[in-house]
Amino acid sequence: MRIVVICCSALLVAVASLASNPRPSLTADAFQVDSVHSSMVFRVKHMGTANFYGRFNSISGSFSLDDDPAKSSFQVQIKTDSVDTANTKRDQHLKSPDFFNAAQFPTISFKSTQVKKVGGEGIDVTGDLTLHGVTKPVIAKVTKTGSGGSRGRAIAGVEAQLTIKRSDFGMTFAADSLGDEVFIIISLEGAKQ
Amino acid sequence: MLTLRDIIFAVGLPAVWTGVVLLIAWRPWRVQGLPPSGFWSGPVALAGSFLWAFLGASGPPQFPPIQVTDWLPFIAVVAAVIGLADSTLEIPRGVKWATGCLCIALATWMLIRPLPAETHSQTTKLSWLAMRAIVWGGCWIAIERQAIKYTGSAIPRDLLIVTSATALVLVMSASKLLGLLAGSLAASLAVFVAVGYFTSLSMARGSVLVLLTLLSGLLICGLFYAFLSRPNALLLLLSVVLTALSRLGRLGHLQGWKRHSVQLAFAAIPAVIAVILAVTDFAASMSEGSGDYGY
């Protein structure tokens, strides 16, 4: 009888121990995008002369990172009317039907469909970018920029870079004064869920 | 800032196109006394001018349209076809009024429909549709009846004032595209005024319908998708309404300078106030410290 009690006690202790110190998850780590510490910047050439930069201030979404890149995924939503170029009238113009048409298309979104490892630190993330009501596949070069802890939660950072043609998304206005190619950087900080 | 391309496509080509079409149709050199037969030219000139401007500013429209403004060239074509039918066929009056109002209502719906349900419920959209169809349909019927009665340059002149003001206000309401499109209609109407001085040009049977359908569409796009303020939208609408009223009743019996003064004042006063408000707002936004933005 004593042996049975000892065995049961040992089993309970073992189960309790497992519960308090779970083994590393076999699935990817999921992160919720921290919109305060995430950024999206875009660059476009003005009058064939200088590179002009703007940003979007409202970013949300989630991503998951895994040692096996194929199990990683990314999902980002950006509020179109958060575009900010440090000029009120230009921001209004960008929100108008001439460009982003924020009233009709309030969200820009990206959802990954395939992630694969490339040389070095980076991964290639293929996904569907929905911009201006048009969804097209794009490839973003993504690198992990760091990881750590903040306010008791694990955090991780990634940065994506991609180039799109705005005409592919039906944004054809001002073709003679603004470049067609737009370079985009999306930097995400996520807190582990 | 207007580029050379903007000037060519939104002003130059519309003016030349309208000039050629109107001269072919209304032939100032024709023998006096022959009945006018150029009604068809108005819808062709106005819709063609609009399409030139759209092509120059935005390229060929997508079909099916995704972006709201891509509906505008198709609306121009449909309005022109209805206008051409009116100008070439003897359509019963009731059918004509119903078809024209339906055209305005359909254009309004195509432009309001893409608004997301989160910001504009179906009830709100239907209310706007009903209101605009009644007001703009009413304006069209009133101006069309005047255009049947009065030929020459007076009606195009009043509509030129409204359309020019609309172009200026839309440019300053954060959409150069909408401003250029309204500008192409203004450029076309300027040629109507010039040709109207020398001929018995009439805007009846098609032209007024095309113009008001497009003008209404541009104001909808400005109000819902750009930054056209409600007071300015109302003032521009008031300018159209007063143009429609300026020849009704006792006003229609005025003669000489009194008649022209009243007609000009009715069209111009709300339009000029709208332009002043838009300029003031634009100047105020520049003085906020974010610098000059001239497109």
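Of the strands (runs of 3 or more DSSP E) lying entirely inside the range A:38-108, those carrying at least 1 residues that are hydrophobic (A, V, I, L, M, F, W, C) and either within 14 Å of chain B (Cβ to nearest Cβ) or without any contact (Cβ under 8 Å) to a residue 24 or more places away in the chain (or both) are A:50-56. Annotation note: of B:ILE134, B:ILE148, B:ILE141, the sole residue that is assigned to a helix (DSSP H, G or I), modelled with pLDDT under 95 and open to solvent by 10 Å² or more (accessible area, probe 1.4 Å) is B:ILE148. Of all residues in the range B:129-170, those satisfying the criterion of being without any contact (Cβ under 8 Å) to a residue 24 or more places away in the chain and more than 23 Å from B:LEU264 (Cα to Cα) are B:ALA130, B:MET131, B:ILE134. Of the residues examined, B:PHE224 is one that is over 12 Å from the mean Cα position of the chain (by Cα), open to solvent by 20 Å² or more (accessible area, probe 1.4 Å) and within 14 Å of another protein chain (Cβ to nearest Cβ). Go through the residues of the range B:85-102 one by one and say whether even a single one is surrounded by 14 or more Cβ atoms within 10 Å (Cβ to Cβ), under 26 Å from B:LEU235 (Cβ atoms) and either of a type in the set (Gly, Ala, Ser) or in contact (Cβ under 8 Å) with a residue 24 or more places away in the chain (or both). Yes - at least one qualifying residue is present in the range B:85-102.
Could you run through the range B:186-216 and say how many residues are open to solvent by 10 Å² or more (accessible area, probe 1.4 Å) and among the β-branched types (Val, Ile, Thr)? Residues in the range B:186-216 being open to solvent by 10 Å² or more (accessible area, probe 1.4 Å) and among the β-branched types (Val, Ile, Thr): 4 in total.
Tell me which residues, restricted to the range A:169-193, are exposed (fewer than 15 other Cβ atoms within 10 Å of the Cβ) and at pLDDT 95 or above. The answer is A:ASP180, A:GLU181. Residues in the range B:106-131 that are open to solvent by less than 20 Å² (accessible area, probe 1.4 Å) and among the hydrophobic types (A, V, I, L, M, F, W, C): B:ALA107, B:LEU111, B:ILE112, B:LEU115.
The values are calculated or read from the model by the stated rules, or taken from the named source; none is laboratory data. All values derive from a computational prediction rather than experimental measurement. Glycine also receives a Cβ, built like all others from the backbone with ideal geometry; neighbour counts cover every protein chain displayed. We work out accessible area using only protein heavy atoms, side chains counted, and drop any ligands, DNA or RNA first. Shrake-Rupley method; radii C 1.70, N 1.55, O 1.52, S 1.80 Å.
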